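Each remark here refers to the structure printed beneath this line.
The values are calculated or read from the model by the stated rules, or taken from the named source; none is laboratory data. Keep in mind the model is a prediction, meaning the values are calculated, not measured. Cβ atoms come from the backbone with ideal geometry, glycine included; neighbour counts cover every protein chain shown. We work out accessible area using only protein heavy atoms, side chains counted, and drop any ligands, DNA or RNA first. Shrake-Rupley method; radii C 1.70, N 1.55, O 1.52, S 1.80 Å.
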Amino acid sequence: MLDEFLARIRAHRNNIHRYRRLLKSNLSDVERQFIENRLIEEQTALESLSTETFPLAFSLRKGADMPAS
């Protein structure tokens, strides 16, 4: 089950990287808007899946101070 989640996370990450590369290319306004929307959808799906798969690891706020050991 974890392998399936990790494969899905990897697929979303690959899609995000591909869409970011595409946004750096010469696109029409319609193409750019489509890619930007797909990028947002992929980022949302990745965040949701990551939170579901690793609820404790992703519950910390970004930039939160970690306690000293």
message = Return the residues of segment 43-69 that are modelled with pLDDT of 65 or more, within 21 Å of L2 (Cβ to Cβ) and not aliphatic (A, V, I, L, M); say none if nothing qualifies.
response = E47, S48, S50, T51, E52, T53, F54, P55
Residue list for segment 19-36, filter: part of a helix (DSSP H, G or I) and open to solvent by 100 Å² or more (accessible area, probe 1.4 Å) = R20, R21, D29, V30, Q33, F34
